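To start, the structure under review is shown below, and the notes come after it.
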Amino acid sequence: MMNNAPGPPRPATPTEPTAVHAKDLTVVRGPRTVLRNLAFTVPRGQITGLLGPSGCGKSTLMRAIVGTQAKVTGTLDVLGHPAGHPTLRTRIGYVTQAPSVYDDLTVRQNLDYFAAILDPGRPAAERRHDNVTRAIADVDLTTHADALAGNLSGGQRSRVSLAVALLGTPELLVLDEPTVGLDPVLRRDLWNLFHDIAARRGATLLVSSHVMDEAERCHRLLLMREGELLADDTPDALRTRTGAETVEEAFLHLVDEAKAAARTKETTR
Ligand SMILES: Nc1ncnc2c1ncn2[C@@H]1O[C@H](COP(=O)(O)OP(=O)(O)OP(=O)(O)O)[C@@H](O)[C@H]1O
Ligand SMILES: [Mg+2]
């Protein structure tokens, strides 16, 4: 059973800008408009969950935020700069949906490699070594540090990807379905780690998932469906607004509401 209480978020000070601000955000992929006129903000120092069914556009939105998505129009500001701005490169940690690690390197060699890329000019190998050791411990892979990534289980490989994102203590962590395929104990441990990163380091986390019970662990939620936002709220406010017991129920309620509104629009045309 997961603990439903996400713990208090760090209060954002009025002078502290939001981590992500989007307005009229639209993304076209191939012949399709995949994201349509999104408007939302992601507050700093909190965990925002990005939830919605497969294909609704979660990964596309994350790619837009980290600056790797083409054909993005509208406003999308990240840590005070337009998404994709070069100064954001070292301030954002991004874990893609598919683990991106080198199978023929060990866990530590993978991290050493990425640490060197992040910090090429620095002769202080010691500091780099400390960061690598800390990131490996953060994702609970210390006992596997010398194992080849290719010999790890799926969940362990995704944790190596997460450790790479934790190198360099980023201000914004964008994690695309980081808990897929993990057992309940590991999922709980990772969510505890996310809360620790937000509370202790003041980092902002944007975490996607299509597992609705994970929504209960977030400070705020962006609920998506078919490239549109259904809600941008706290789990509590969502439940209250829809009269639902769980976020999953609230989501289904909002989907029904959106469908009914679309039908009304059709018939009044
Ligand atoms: N290269 C592409 N060309 C055209 N359409 C694409 C391309 N990549 C993705 N899409 C479409 O964009 C939509 C959103 O995809 P995206 O990967 O963002 O969804 P998702 O919410 O992350 O799904 P999942 O939960 O399965 O990871 C999907 O309908 C998908 O078919
Ligand atoms: Mg995805």
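Things to note:
- Subset of segment 71-124 that is over 22 Å from SER59 (Cα atoms) and small (Gly, Ala, Ser) - its residue that is farthest from ligand 2 (Cβ to nearest atom): ALA124
- Residues that are more than 10 Å from ligand 1 (Cβ to nearest atom), surrounded by 19 or more Cβ atoms within 10 Å (Cβ to Cβ) and more than 12 Å from the chain's Cα centre (by Cα) were ranked within segment 59-73; the one that is nearest to ILE92 (Cα to Cα) is GLY67.
- In segment 203-232, the residues that are under 21 Å from VAL27 (Cα atoms) reach residues that are modelled with pLDDT of 95 or more and among the basic types (Lys, Arg) with C-beta atoms within less than 6 angstrom, at least six apart or across chains, in these pairs: SER208/LYS58; GLY227/ARG36; GLU228/ARG36.
- ILE65 closer than 18 Å to PHE194 by Cβ, modelled with pLDDT of 95 or more and within 16 Å of ligand 2 (Cβ to nearest atom): yes
- Members of segment 80-123 found to be at pLDDT 90 or above, among the aliphatic types (A, V, I, L, M) and either assigned to a helix (DSSP H, G or I) or surrounded by fewer than 16 Cβ atoms within 10 Å (Cβ to Cβ) (or both), listed by number: LEU88, VAL107, LEU111
- For segment 225-246, filtering for residues that are in contact with a Gly (Cβ under 9 Å, 6 or more places away or on another chain) and either part of a helix (DSSP H, G or I) or not aliphatic (A, V, I, L, M) (or both) leaves 5.
- For segment 216-226, a tally of residues being within 14 Å of ligand 1 (Cβ to nearest atom) and out of contact with any Ser or Thr (no Cβ under 7 Å at 6 or more places or on another chain) returns 4.
Results for (1) away from ligand 1 (no atom under 16 Å from the Cβ); (2) closer than 21 Å to VAL107 by Cβ, shown as yes or no for each residue.
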| residue | (1), (2) |
| --- | --- |
| VAL164 | yes, yes |
| GLU171 | yes, no |
| LEU175 | no, yes |
| TRP191 | yes, no |
| PHE194 | yes, yes |
| ARG201 | yes, no |
| THR204 | yes, no |
| VAL207 | no, no |
| GLU214 | no, no |
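- Residue list for segment 27-54, restricted to those being more than 13 Å from ligand 1 (Cβ to nearest atom), over 13 Å from ASP233 (Cβ atoms) and of a type outside the set (A, V, I, L, M): ASN37, ARG44, GLY45
- Of the residues examined, VAL160 is one that is of a type in the set (A, V, I, L, M) and in contact (Cβ under 8 Å) with a residue 40 or more places away in the chain.
- Close pairs from segment 86-99: first more than 15 Å from ALA19 (Cα to Cα) and touching a residue at least 60 places away in the same chain (Cβ under 8 Å), partner part of a strand (DSSP E or B) and of a type outside the set (S, T, N, Q), Cβ under 7 Å, at least 6 apart: VAL95/LEU175
- Identity of the residue in segment 18-37, crowded, with 19+ Cβ neighbours inside 10 Å and away from ligand 2 (no atom under 16 Å from the Cβ), that ends up farthest from the chain's Cα centre (by Cα): LEU25
- Hits in segment 70-79 (condition: part of a loop (DSSP other than H, G, I, E, B) and without any contact (Cβ under 8 Å) to a residue 60 or more places away in the chain): ALA70, LYS71
The values are calculated or read from the model by the stated rules, or taken from the named source; none is laboratory data. Small disclaimer: the values here were computed from a predicted structure and weren't measured. Reconstructed Cβ throughout: ideal geometry from the backbone, glycine too, with neighbour counts over all protein chains shown.
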